[in-house]
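Okay, so here's the structure we're looking at.
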């Protein structure tokens with residue numbers, strides 16, 4: 001029984017976009033989906049289902065951090081039969097060649113979260129994106145003229161990281177820091193589902209360049225279009 005998503009059977013599509021911000025979920029539903037219907041408002045975490053180019057698609061907010069995303073993705077996979085899930089979120093770039101509003105497609109997600117330790121103990125799991133979704137998204141980015149960089153990201157538990165652990169991740173080629181993808185990829189592997197993450201760079205950690213809260217909610221349309229075009233394939 002789902003306790004955080006109050007949706008009747010059949011209300012959620014088998015393809016779901018997962019923005020962290022519930023207001024971004026609302027924006028996507030209102031601007032990109034045809035005939036969107038709200039199926040969830042519990043805790044203000046909006047979920048909508050509509051169609052995109054004739055294909056039924058849902059968009060569900062997940063909140064910030066891996067524990068919050070874990071709740072919603074578990075319920076989507078366990079109770080609503082979701083087969084494809086694409087996180088669309090913001091990310092802080094930690095490589096100097098990346099700029100604000102650039103698009104990143106994550107092929108894997110490093111993490112410092114204890115969630116992995118709780119599952120695997122002393123072993124080290126490698127959360128990875130689904131190859132078919134990744135391949136589709138990369139090719140769609142070329143087709144749509146949306147420049148995209150593919151590479152690993154890091155899903156951290158700390159937003160305000162006084163120890164600047166991102167510097168070590170950057171040394172090993174990680175593109176940016178966010179807070180959710182490692183758990184999404186891990187749950188997709190557990191439930192044998194397909195998952196991917198597509199990001200817009202919201203701030204450049206090395207230079208201090210950043211975007212506004214309103215821009216993060218409403219203007220990062222390239223990743224939204226790329227995710228929609230990918231998930232309907």
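The values are calculated or read from the model by the stated rules, or taken from the named source; none is laboratory data. In this text, all values refer to a predicted model and were calculated from it rather than measured experimentally. Cβ placement follows ideal geometry from the backbone for every residue including glycine, while neighbour counts extend to all protein chains displayed.
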Qualifying positions in the range 203-224 - under 25 Å from residue 139 (Cβ atoms) and not in a loop (DSSP other than H, G, I, E, B): 221, 222, 223, 224
Criterion violated by residue 97 - all others in (1) more than 15 Å from the chain's Cα centre (by Cα); (2) assigned to a helix (DSSP H, G or I) satisfied: (2)
Residue within the range 143-165 that is at pLDDT 95 or above and part of a helix (DSSP H, G or I) present: yes
Filtered residues of the range 106-139 (kept if within 17 Å of residue 172 (Cα to Cα) and not in a loop (DSSP other than H, G, I, E, B)): 106, 107, 108, 109, 110, 111, 128
Every residue from the range 48-57 that is within 16 Å of residue 6 (Cα to Cα), touching a helix residue (DSSP H, G or I) at 6+ places or on another chain (Cβ under 7 Å) and in contact (Cβ under 8 Å) with a residue 24 or more places away in the chain: none
Some residue of the range 133-151 being closer than 21 Å to residue 64 by Cβ, in contact (Cβ under 8 Å) with a residue 40 or more places away in the chain and under 15 Å from the mean Cα position of the chain (by Cα): no
Residues (more than 16 Å from residue 104 (Cβ to Cβ) and in a strand (DSSP E or B)) located in the range 181-202: 194
Filter result (surrounded by 20 or more Cβ atoms within 10 Å (Cβ to Cβ) and either over 14 Å from the mean Cα position of the chain (by Cα) or assigned to a loop (DSSP other than H, G, I, E, B) (or both)) within the range 51-62: 52, 57, 61, 62
Candidates 23, 76, filtered to the one that is in contact with a helix residue (DSSP H, G or I) (Cβ under 7 Å, 6 or more places away or on another chain) and in a helix (DSSP H, G or I): 23
Selection count where residues are farther than 18 Å from residue 223 by Cα and touching a residue at least 12 places away in the same chain (Cβ under 8 Å), scope the range 10-37: 8
